[in-house]
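The values are calculated or read from the model by the stated rules, or taken from the named source; none is laboratory data. All figures in this text were calculated on a predicted structure; none of them were measured in a lab. Don't worry about glycine lacking a Cβ; one is built from the backbone with ideal geometry, like all the others, and counts go over all protein chains shown.
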Amino acid sequence: MTKKKILKIVSSIMSTLLFLLMLSLAIVVISSKASGGNPTVMGYQLKTVLSGSMEPTFQTGSIIAIKPTEDGGKSYKKDDVIIFKEADNKIVTHRVVEVKGEGNNLSYVTKGDNNDGPDTNPVLAQNVIGHYTDFTVPYVGYLLDYANSKMGAALLLIIPGIILLIYSGVSIFGAVRELEGKGKNEDPKSA
């Protein structure tokens with residue numbers, strides 16, 4: 001294979017990778033903004049883990065997939081990892097250690113895997129947002145948190161776009177020079 005063919009293949013691969021990177025970053029940013037902060041993929045919400053209370057189950061800065069609650073939070077049992085709202089609208093992810101009551105009086109005693117004891121207040125079933133689905137991606141949560149900021153959204157869309165534009169410009173310039181070179185090398189009598 002010649003050097004030119006290898007460069008063309010590498011160039012095509014780079015163009016495709018840059019385009020896919022820009023497209024995936026755009027999807028993450030748009031999905032984050034449209035869902036009010038947490039992207040939703042195929043019915044699952046992606047949440048960022050912001051504390052170490054559930055280590056080693058998942059690390060701080062990871063993203064986890066949760067299945068939103070559909071039954072008012074009444075179907076969970078001991079050892080399920082649930083995501084719930086506390087009184088101050090803070091979102092918490094902890095493990096159920098005890099189920100109390102039933103019907104409209106159902107509540108869960110929760111505990112972080114890395115915490116010494118259970119949480120002080122039981123979680124009312126109607127405050128459960130969803131449950132953890134055993135899908136974790138370490139450290140990507142930092143990127144999602146950054147994508148939710150105005151600066152992050154701008155940088156994650158603009159920088160790959162500029163890189164793609166510059167790369168496209170260089171590719172077009174190279175193709176034009178190659179065409180001009182071929183035009184000069186042709187024999188005018190053969191036309």
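What about residue 70, is it farther than 18 Å from residue 135 by Cα, of a type in the set (Asp, Glu) and at pLDDT 80 or above? So residue 70 fits the description; yes.
For the residues 107, 171, 149, the requirement of being polar (S, T, N, Q) and surrounded by fewer than 14 Cβ atoms within 10 Å (Cβ to Cβ) singles out 149.
Among the residues of the stretch 61-87, just one is without any contact (Cβ under 8 Å) to a residue 24 or more places away in the chain and either closer than 23 Å to residue 142 by Cα or among the polar types (S, T, N, Q) (or both), namely 75.
Within the set of pairs 6 or more residues apart or between chains, which connect a residue that is over 22 Å from residue 16 (Cβ atoms) inside the stretch 143-161 to a residue that is modelled with pLDDT of 75 or more and polar (S, T, N, Q) with Cβ atoms less than 9 Å apart? Listed pairs, sorted by first residue: 144/48; 145/48; 148/48. Of all positions in the stretch 172-179, none carries a residue that is at pLDDT below 85 and outside any helix (DSSP H, G or I).
Here are 117, 61: which of them is under 30 Å from residue 20 (Cβ atoms), of a type outside the set (Phe, Trp, Tyr) and part of a loop (DSSP other than H, G, I, E, B)? None of the other options fit; the residue is 61. Here residue 114 passes the criteria (1) at pLDDT 80 or above; (2) touching a strand residue (DSSP E or B) at 6+ places or on another chain (Cβ under 6 Å) except the one numbered (2).
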